[in-house]
Every structure is written in structure tokens, then in C-alpha cells.
Amino acid sequence: MKKPLATLGTFVLAVGLATGMSAAAPPPAAAAPYCGITWGSTTDAAGTHSGAQITAVRTGRHTCYDRMVIDLRYKVKGYDVRYASVHREGSGQYVPLAGAADLRIIVKSPAYNTSGQPTYAPASWTNAKNVSGYSTFRQVAYAGSFEGQTTFGLGVRARLPFRAFILDGPGTGSRLIVDVAHRW
């Protein structure tokens with residue numbers, strides 16, 4: 001007895017399976033992180049106090065994030081960066097910042113030398129750097145230096161992912177880098 005011929009649909013399925021095609025749809029691809037950024041928005045802290053002295057603050061705009069660089073004479077050993085209200089060193093006075101979120105940056109190093117002379121003194125404590133036109137930064141404020149630590153306030157447009165890290169150089173100096181992503 002002859003067997004009936006296979007239907008066209010059965011034939012296509014058989015050919016597809018034989019060539020490695022799956023009958024089930026592939027799972028949806030996971031969304032790739034923005035610009036490869038895998039940072040979070042929780043506290044980033046490291047190290048201890050040092051005698052390294054803050055000498056300058058710079059900012060820059062990048063494709064995926066805004067960057068703040070704190071230059072130090074000698075090696076910085078510690079910092080604490082977190083979303084929190086910012087208060088002036090010594091007095092505890094609240095520092096209001098522009099933007100929807102306040103990033104408090106504590107450098108565990110002074111902004112003065114061993115004679116008590118300032119090594120960093122911005123023209124304006126409220127606007128230590130001009131960040132107009134930045135994607136994420138809204139304001140950089142200097143909140144002072146007292147008892148071997150220095151505080152900065154970074155007003156950002158939203159509570160976005162950030163990272164902080166130390167780079168050696170140039171020379172015997174070092175830099176504390178704080179990057180804040182443009183978006184999640």
C-alpha cells in the first residue's frame with residue numbers, strides 16, 4: 001500500500017529543521033547597556049586620608065558621560081562619592097545645587113598645604129567650574145576643606161549612573177575622576 005505524499009507544510013518544516021532553522025522564535029535580545037556603561041548609582045568609596053593636596057578642578061564633555069577631574073599634588077588615597085545632600089566643611093551649612101540630584105564628592109585630602117595656605121581656591125565657591133551646555137552636569141560647587149578632607153557638590157540633571165576612580169600622574173601627582181553617564 002502506498003503512503004500518502006507529505007503536505008507542503010510538513011515538507012517545509014522538515015527542510016527547515018534539517019538546515020538548522022528552529023520552529024520556535026528566538027528569545028528577545030537583552031538590551032545592551034548605554035555606551036557599554038555598567039556603572040550604578042550607589043556609593044563609590046575607597047581608601048583613607050592622605051597628605052595629597054588638591055590643586056585644580058577640571059570638567060569635560062564626552063559622548064556618553066560628563067567628567068569631573070580633581071588634580072592633586074602627590075598621591076590621593078581615598079574618596080567617597082554618593083548621591084546625598086552637600087554641606088560646607090566646618091560649618092555644616094547646606095549647599096543648594098542646580099539639577100534634580102546632588103552628587104557629594106568627598107576627597108580624603110586637603111585643599112591647603114602644611115602651612116595652612118590654600119592650594120585650591122576657585123574664584124566662585126558656588127560655581128567652581130562653568131558647566132553650562134553639559135548634558136548631565138548642572139553645577140560644580142566647592143564646599144570647602146577642613147581637617148584633611150575636601151568636599152565638592154556636583155548638581156546633575158537626574159540620579160544617573162556614575163563611577164569614581166584614581167589615576168596616577170602626571171609626575172608625582174594623581175587625579176580623582178568622577179564620570180556621570182548621560183542616561184541609563
For the structure I just gave you, tell me whether Gly60 is open to solvent by less than 50 Å² (accessible area, probe 1.4 Å), modelled with pLDDT of 95 or more, small (Gly, Ala, Ser) and within 22 Å of His182 (Cβ to Cβ). yes
Tell me whether segment 82-100 contains one or more residues that are of a type in the set (Phe, Trp, Tyr), at pLDDT 95 or above, exposed (fewer than 15 other Cβ atoms within 10 Å of the Cβ) and more than 19 Å from the chain's Cα centre (by Cα). yes
Taking interchain pairs and intrachain pairs at least six residues apart, which have beta carbon atoms under 6 angstrom, with the first residue in segment 163-184 and part of a strand (DSSP E or B) and the second among the basic types (Lys, Arg) and open to solvent by 10 Å² or more (accessible area, probe 1.4 Å)? Leu167/Arg175; Ser174/Lys75; Asp179/Arg67; Asp179/Arg163
When segment 63-75 is checked residue by residue, the ones that are among the hydroxyl-bearing types (Ser, Thr, Tyr) and buried (at least 19 other Cβ atoms within 10 Å of the Cβ) are Tyr65
I need the full set of residues from segment 157-178 which are within 11 Å of the chain's Cα centre (by Cα) and either of a type in the set (A, V, I, L, M) or surrounded by fewer than 21 Cβ atoms within 10 Å (Cβ to Cβ) (or both), in order please. Arg159, Leu160, Pro161, Arg163, Ala164, Phe165, Ile177, Val178
Selected residue (criterion: farthest from Val180 (Cα to Cα)) from residues of segment 72-115 that are in a loop (DSSP other than H, G, I, E, B) and hydrophobic (A, V, I, L, M, F, W, C): Ala111
Can you tell me how many residues in segment 145-156 are open to solvent by less than 50 Å² (accessible area, probe 1.4 Å), assigned to a strand (DSSP E or B) and over 12 Å from Asp102 (Cα atoms)? 4
Quick check on my filter: what residues within segment 37-71 are of a type outside the set (Gly, Ala, Ser) and assigned to a loop (DSSP other than H, G, I, E, B)? Ile37, Thr38, Trp39, Thr42, Thr43, Thr48, His49, His62, Thr63, Cys64
What tally of residues in segment 130-144 results from selecting those that are surrounded by fewer than 17 Cβ atoms within 10 Å (Cβ to Cβ) and on the phi > 0 side of the Ramachandran plot? 1
Can you run down the residue pairs with Cβ atoms below 7 Å, 6 or more apart or on separate chains, where the first is in segment 132-160 and over 24 Å from Ser91 (Cβ atoms) and the partner is of a type in the set (A, V, I, L, M, F, W, C) and modelled with pLDDT under 95? Leu160/Trp184
The listed residue being in contact (Cβ under 8 Å) with a residue 24 or more places away in the chain, within 21 Å of Arg159 (Cβ to Cβ), among the β-branched types (Val, Ile, Thr) and touching a Leu at 6+ places or on another chain (Cβ under 8 Å), out of Val76, Val86, Val69: Val86
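The values are calculated or read from the model by the stated rules, or taken from the named source; none is laboratory data. What you are looking at is a predicted structure, and each value in this text was computed from that prediction instead of being measured. All Cβ positions, glycine included, derive from the backbone under ideal geometry; neighbour counts span all protein chains shown. With ligands, DNA and RNA removed, areas are computed over all heavy atoms of the protein, side chains included. Shrake-Rupley method; radii C 1.70, N 1.55, O 1.52, S 1.80 Å.
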